[in-house]
Ligand code: UD1
């Protein structure tokens, strides 16, 4: 799937079931390396990033069966090296490093790939592992890590809040000798879910979800079953789609508590929001959204992964809105495509200023990354005319059945 024809002028209305979280499922899959006992993971979304993660695990010697639930048996890992052709495809492959090192004392991987939204270094991951006692040698884009005996627990103050590095250190510390404290840790719901999974298989982690995570190392992890949390970014994307199209939507099997900052902004835009235990209802019928001022920041702040979708909302809103991106330095590549569709946007350093217009017009647009893909497809749904969205291979890295789910809500999208 690399091209979509999106017929515009649609309102998105109805019910949508949210899939499992990509950003929780990916690290959890790699965390299964930590144990030689069997593990069952459910609510794993069907995405290309997940398939690449599974291929990487299989390459290492992990046995995997899939029958709605993933059955993972990492007892016979016999390769401690991950090849470039798989590693370069997903940023998440960095999470192989900590678990291999913690269980086997050695790991060799190439620097990971992923969305081109900034320089995306891995220094915080590597520094964390070094502080736990690992020897790390980085040469020709290849990380060679080793430790004699077990890693050693340590107090680690993160110089910058990083989701990925918090996960690397937390996972490695589960099998370290003694206790580790990660101070200034990331607080994302995905971190809480990973800690819950690790505790299910015998780890001793407290404080995940706060800025201080304490891990008491254990000598061995066990087996267990875990259900991945719902995808908060997929949920937010559908909510924005409904708001931008003046629709009415109910997202099911989601977790409203994970979307507080997003729901606050949607309410400010004029949406009526109701939430239940595992659903969110948004009603924007007959209302043009009001422009918003937004600044991305680590959780519980406004997520950078929702920045592009809200930029779309601002393009057709009433008034002038600004969005400031503080997490990644190259996350406005898609803006030129929205401008092609008639949007009035100026970029000033890490801020965009959107001058709202009533309607976008169709165009031939090109996706640059995952969240930009979803945004341009939503833009096509609300624009006047037929929009051709190219390079949509990014989309299936992170959104399960996105065109189908949108079509059920009243969109008219054809996969070319
Ligand atoms: C994860 C998510 C991504 C989300 C991001 C922020 C996955 C697969 N990806 O990415 O969707 O947008 O969190 O919520 O879960 N940094 C360093 N050195 C490092 C690591 C990070 O300088 O070693 C910087 C990054 O360049 C960025 C900031 O720290 O500026 C935050 O990045 P981080 O939270 O680590 O994001 P990821 O884990 O890559």
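Taken together, the values in this text are just the output of simple stated rules run on the coordinates, not laboratory data. What you are looking at is a predicted structure, and each value in this text was computed from that prediction instead of being measured.
Numbers below:
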{"item": "Against the rule of thumb 2.2 N^0.38 Å, how large the Cα Rg of the range 59-184 comes out", "result": "1.06"}
{"item": "Three-way shape call for the range 32-93 based on the alpha-carbon gyration tensor, with the a/c threshold at 1.5", "result": "oblate"}
{"item": "The range 22-227, relative contact order [Cα under 8 Å, separation at least 6], %", "result": "20 percent"}
{"item": "Value of [θ]222 nm, deg cm²/dmol, for the chain, DSSP H segments ≥ 4, -39500 (n - 2.57) each, nearest 500", "result": "-8500 deg cm²/dmol"}
{"item": "Beta bridge orientation in the chain: antiparallel %, DSSP, nearest 5", "result": "70 percent"}
{"item": "Folded to 0 to 90 degrees: helix 232-244 orientation relative to the chain principal axis, Cα", "result": "0 degrees"}
{"item": "Whole-angstrom gap from the range 360-378 to the range 260-315, using each part's C-alpha centre", "result": "19 Å"}
{"item": "Largest-first principal axis extents, alpha carbons of the chain, Å", "result": "64, 43, 43"}
{"item": "Antiparallel DSSP beta bridges within the range 224-327, as percent of all bridges there, nearest 5", "result": "70 percent"}
{"item": "Antiparallel content of DSSP bridges confined to the range 342-416, in %, to 5", "result": "55 percent"}
{"item": "Acute angle (nearest 10 degrees) that the helix 163-173 long axis makes with the longest principal axis of the chain, alpha-carbon atoms", "result": "20 degrees"}
{"item": "Cα long-axis angle, helix 370-382 against the chain (0 to 90 degrees, to the nearest 10)", "result": "20 degrees"}
{"item": "Longest to shortest principal axis, alpha-carbon extents of the range 234-311, angstrom", "result": "31, 29, 16"}
{"item": "Distance between the range 197-231 and the range 49-93 - C-alpha centres, whole angstrom", "result": "20 Å"}
{"item": "Centre separation in Å (Cα based) which lies between the range 152-176 and the range 384-416", "result": "38 Å"}
{"item": "Mean separation of Cα contacts under 8 Å (6+ apart) over length of the chain, as relative contact order %", "result": "21 percent"}
